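Structure, as structure tokens:
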Amino acid sequence: MFKSAAALALILAFVARPTLGAEPAPLHYGTWGFDLAARDLQTKPGDDFFRYANGAWLDRTPIPADKPGISLRLLESNMAEARLQAIMENAAATAAHAPKSVKGKVGAFYKAFMDEPRIEALGAKPIAPELAAIGAATTRDQIGALMGRQMRDFEGSAFGINLDVDTKDISHYATYLSQAGLGLPDRDYYLKASFSEKKAAYQTYVEKLLGLEGWPGAAGKAAAIVALETKIAQVSWTKAEERNPDTTYNPYTLSELEKAAPGFPWAAFMSEAGLGGTTKVVVVEKSAFPKIAAIYAETPIDVLQAWLAFSVADNAAAYLSTPFTSAYFEMREKTLSGQAEQEARWKRGVHAVSGGDYLAGGRYDSFGNLGWAVGQLYTARYFPPTAKAKVQALVADLKTAYAARIKTLDWMSPATKAEALKKLAAYNVKVGYPDNPRDYSKVVIRDDDLVGDVRRAAQADAAFYLARQNGPVDRRDWGMTPQTNDAYNGSLIDIVFPAVILQPPIFDSGADPAINYGAVGGVIGHELTHGFDDQGRKYDSKGTLRDWWAADDAKTFEARAKVFAAQYSAYEPLPGAHVNGDLTMGENIADLGGLTLGLDAYHASLHGRPAPVIDGLTGDQRVFLGWAQAWRGKVRDDAVQRQVVSDPHAPRQYRVNGPVRNIEAWYAAFGVKPGDALYVAPEQRVRIW
């Protein structure tokens, strides 16, 4: 429970300080935090609450040509993007050719990206070393070794590598290996007729990139590459299957893996990855590994070479000349997400240097950037240390509300409740930015070598994770940069709220408290609930993968979750395109828990006093409207098709309509009755947390 509206309102006084003159003014909605003119009053709340709250805005707001969608969260990201542009242009104006300072390196990287004449003149030359190495790799051992470079260079791989906390031994890190090898967003793109046009476009894209880099026989090799990836898709696990922690933790020694999945050169792969001394790996998709290894073993060498050459061009395209970037845009952003126009170069430069959650399908978010260095510059200006304590206090209040709810659950036994409360109390809240800045002193960045900058940044990132493999685990670690517009619940029993998310529409210092409880309170509650969703509940108070539930409690949870999944699987955003209730289960449970906790916290903040009525709307109504406004947005049909098969988040309208129809207070607040489209009979409403 927030102690007072004043305490809640103080956060953005620190976050939204005066900024550079070229930057946009902070966003605000209406006179008290909600845009009344955005509503569609012709729609009954009980028929479509998302549209009731947002319909007029949806009707009058076009999707920008350079985006796959539009939302209030995107407008929030645009503000951060403008701030980052100002930071980078300022840094670039004074950067040395090969600077030593963090600011100078950010500026030189951005300057290199913006040097179009040089990039155009180079063409495919920057990736010539990778292509030469691939051409010289004439055995499967040699090709497999090149795939081991994936963390520090542009090569793709049949198997992915991730270095993270060992969920069975949280004092150490583990090497996780997963299925990979697909250039399209999901196996369904290869296997379902509804995606046949996109699969054909992908083959054209493969041929285009092979031709641009001068690879021989581009047309025939493109067909062979798509046929190879189709075989891999046929044996790959679905994304829903990959969500089960119990079946995705499969430890092997290297010799055991070689016996279980023969046909792939595991020793060469691990050695080139810098993991030659690793004694244990954790395999995610156990049954897929021997099948993918067999496919690798039977694929002709020249096809494997071409496949690897294409992956290099695909992963490097965003940093190369116009023929590459145009082909990349046409496939990755236009065909797959419906984006009509490519973003301006300065925006792409900001994304390339900063990383973040900007470009679906690209590598800007995870590969070869200076994200943590940019985060240092961003938070030094926009998120002072005094703000961290205030947000942490808000999270503590939501934890108190969650604890109260757990204690009163009527379906959970005392023993399981005790463990749940122990886990809730153990959460470490991380706000704004990491306390331990990443060291960039040894990273060489030059203002005339963009692809080299990407390589060296990736090499530094890989070295950072490889160096800590033997532990101890750093519990201060972050997995998301401060300038990323998102939040997460991590494997270290931590919850992270980066600096950028703490602005409107998620939080507005001048808004009515009920709006903020619905929005930022709902987001905080969402992240807390992730620790107890269908995946999170399988980890104990230390973050260890362990069954701490009484058997009957687990059965009750699973039964309620199954009903919830069925609700979401019935949603059909486009004809024939249904939401996958199993894939989106964790996010859906977190949305339901988050909104419920936000409402609880608002009630507690009133301390028994009646909630004020504003513009004819009660406190409860405003909490629900705050949640609905935070998710306001729409996306193109291609992006919807991509989302429902590959994204664990349901489309926006269901992140609003899905939770509210299971919360009793919503029915009372808006007079929802039987016969309304969203009405669910009381005995069928899902109550979990």
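Note on the stretch 234-347: dipole from Cβ charges, positive end direction compared against N244, A297, S326; the farthest Cα belongs to N244. The 3J(HN,Hα) values that the Karplus relation (6.51, -1.76, 1.60; θ = phi - 60°) gives for the stretch 27-41 are, in residue order, 7, 9, 10, x, 8, 9, x, 10, 8, 4, 6, 7, 6, 10, 6 Hz. Gly and Pro appear as x. Residues whose amide H falls under 5 Å from that of F497, counting only those 5 or more places apart or on a different chain, are K430, V431, G432, with hydrogens built in the peptide plane. Relative to the dominant Cα principal axis of the chain, helix 72-94 is inclined by about 50°. Peptides 227-234, 605-612, 574-581, ordered by how many other C-beta atoms sit within 10 Å of their residues on average, highest first, read 227-234, 574-581, 605-612.
What part of the accessible area of the chain, given as a whole %, is carbon or sulfur when the probe is 1.4 angstrom?
Details: 13720 of 25430 Å².
So the carbon and sulfur contribution to the accessible surface is 54 percent.
Relative contact order of the chain: 22 percent, from C-alpha pairs under 8 Å at least 6 residues apart in sequence.
Sorting 668-681, 103-116, 168-181 by their mean Cβ neighbour count within 10 Å, with the most densely packed peptide first, gives 103-116, 168-181, 668-681.
Can you give me the accessible area per residue for the chain, using a 1.4 Å probe, in Å²?
Ligands and nucleic acids excluded, the figure is 37 Å² per residue.
With all pairs of different alpha carbon atoms counted, what Kirkwood hydrodynamic radius in Å does the chain show? Walk me through the intermediate numbers first.
Details: mean 1/r = 0.0380 Å⁻¹.
This gives a value of 26.3 Å.
For E527, neighbours were defined as the other residues whose beta-carbon sits under 15 Å from its Cβ, and their charges (Lys and Arg +1, Asp and Glu -1) total -1. Within the straight-line cut-off of under 22 Å between alpha carbons, the lysines reachable from K673 are K44, sequence neighbours fewer than 8 places apart in one chain being disregarded. In the chain, the longest principal axis of the Cα atoms and the axis of helix 513-530 are about 50 degrees apart. Normalised by 2.2 N^0.38 Å, with N the number of residues, the alpha-carbon radius of gyration of the stretch 488-564 equals 1.37. When the stretch 256-381 is described by a simple charge dipole with +1 on each Lys and Arg Cβ and -1 on each Asp and Glu Cβ, the residue from A373, L308, V283 located farthest towards its positive end is A373. Backbone N atoms of the stretch 489-513 closer than 13 Å to the 7 Å Cα→Cβ label point of H607 are not found in any residue.
With respect to the cross-link table entries K103/K125; K199/K221; K208/K239; K67/K286; K67/K221; K168/K417, which display a Cα-Cα separation exceeding 26 Å?
Numbers: K103/K125 28 Å; K199/K221 15 Å; K208/K239 29 Å; K67/K286 37 Å; K67/K221 32 Å; K168/K417 22 Å.
Correct reply: K103/K125; K208/K239; K67/K286; K67/K221.
In this label model, A340 and R60 are separated by 2.0 nm, measuring between points 7 Å along each Cα→Cβ vector.
Net length available on complete extension from Q469 to A200 is 92.7 nm, with 0.36 nm assigned per residue and the Cα-Cα distance removed. For the chain, the longest principal axis of the C-alpha atoms and the axis of helix 619-630 are separated by about 10°. Here the gap between S441 and N90, fully extended at 0.36 nm per residue and compared with their Cα-Cα distance, gives a gain of 124.3 nm.
To the nearest 500 deg cm²/dmol, what mean residue ellipticity at 222 nm is calculated for the chain from DSSP H runs of n ≥ 4 alone, each contributing -39,500 (n - 2.57), summed and divided by the residues? Before the final figure, lay out each step's value.
On the way: 28 runs with 341 residues, N = 689.
Taken over the chain, the calculation gives -15500 deg cm²/dmol.
The values are calculated or read from the model by the stated rules, or taken from the named source; none is laboratory data. Keep in mind the model is a prediction, meaning the values are calculated, not measured. Cβ: placed from backbone, ideal geometry, glycine included. Neighbour counts: every protein chain shown. The area values use the complete protein model at the heavy-atom level, side chains included, leaving out ligands, DNA and RNA. Shrake-Rupley method; radii C 1.70, N 1.55, O 1.52, S 1.80 Å.
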